[in-house]
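The values are calculated or read from the model by the stated rules, or taken from the named source; none is laboratory data. Note that the coordinates shown come from a computational prediction; the quantities given were computed from them, not determined experimentally. Cβ coordinates were reconstructed from backbone atoms using ideal geometry, including for glycine residues, and neighbour counts include every protein chain displayed.
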Amino acid sequence: MRHELRHVRAFLKVAELESFTRAAAELHVSQSALTVQVKQLEDELGVLLFDRNKRGVAITAAGRDLLGPLQRLVLDTEAIVSYARDISAVRTGNISIAALPTIAANLLPRAMHAFLKTSPEVRITVRDVVADTVRELVAKRVVDFGLGTANRQDKDIQAKALYQDRLAAFLPAAHTLAKQAEITLRELAECELILPNRESSVRRMVETAMVRERIAMALRHETNYMPTALGMVRRGLGVAILPELAADGNSKDVVRVPIQRPAMSRQISLLQRTDRTLSPAAERFVQVLRAEIGTLIKPR
């Protein structure tokens, strides 16, 4: 591209100054080199661009007709190169992400806030969906990457581990179990439980653990989204079992208590098609995301 543009710029400068000598001086090349460039462009286009004689140089009718299109070509190319450099430097771009609702409601906004401080012109689109849909959107190339749980059957998706998503109990602050340092699944079974619906991987984890521990579950309410479950807890409608990152720690209304015996967790991974390369903006965002995870997830 640069080679061809040099020829076009040579032509435009000669046309502007009506002199090979002055054009060569402004372009900082020898007159012979400039002449060769213009001749190569003429050969490529198949038309004579200048009439040359002892009195000077004059643009031909064909050259005049091509002047406007070639000027636009240079401007458009320069704009493309500038835009590409902005993309490379993460000054612009688009990122599309599919994420589990818990991640989309808490971790992801944190990462977006930190990322947009240095790349404010990048546009980020988030699809907050259940685990199966996260993988589907990644597989169909609808999004750049997903944040969710992996499935070994997805041969076209590679999973890079991010963190262990531990489940916790979220209780009304006035609940009798809210002051405990930890809580067991058997104790929770005595409460009026609030759980995500059956499409949720969290729901499947809890039900599997209940069966394994031979505990009967007293389900009181179920909902599609974590914020709704937390709203129910806040109003004293029951106790929710959710990922610990469903909310930022404790509040005056809701208390988070770790679940032990058994502890339950799922591996959250960065999901990406094996045949797809992330854009510079997406790569930078993933770096910021990992840094935010490091501030939120404390080893136990």
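Out of Ala79, Ala104, Ala58, one residue alone is under 30 Å from Leu242 (Cβ atoms) and among the small types (Gly, Ala, Ser). It is Ala104. Give the residue that is nearest to the chain's Cα centre (by Cα), with candidates limited to residues of region 252-300 that are surrounded by 13 or more Cβ atoms within 10 Å (Cβ to Cβ) and among the hydroxyl-bearing types (Ser, Thr, Tyr). By that ranking, first place goes to Ser279. Quick check on Leu5: is it assigned to a helix (DSSP H, G or I), more than 30 Å from Gly93 (Cβ to Cβ) and touching a residue at least 60 places away in the same chain (Cβ under 8 Å)? No: the conditions fail for Leu5.
What are the residues in region 224-270 that are modelled with pLDDT of 85 or more and of a type in the set (Asp, Glu), if any? Full working, then the answer.
Our first condition is that a residue be modelled with pLDDT of 85 or more; within region 224-270, this holds for 228-244, 253-260, 262-270.
If the condition is that a residue be modelled with pLDDT of 85 or more and of a type in the set (Asp, Glu), then Glu244, Asp253 are the ones that fit.
With respect to (1) of a type outside the set (S, T, N, Q); (2) closer than 28 Å to Arg235 by Cα; (3) over 18 Å from the mean Cα position of the chain (by Cα), the lone exception for Val211 is condition (2). Screening region 200-220 for residues that are loosely packed, with under 14 Cβ neighbours inside 10 Å and free of Cβ contacts under 8 Å to residues at least 24 places away in the same chain and picking the one that is nearest to Ala168 (Cα to Cα) gives Thr208.
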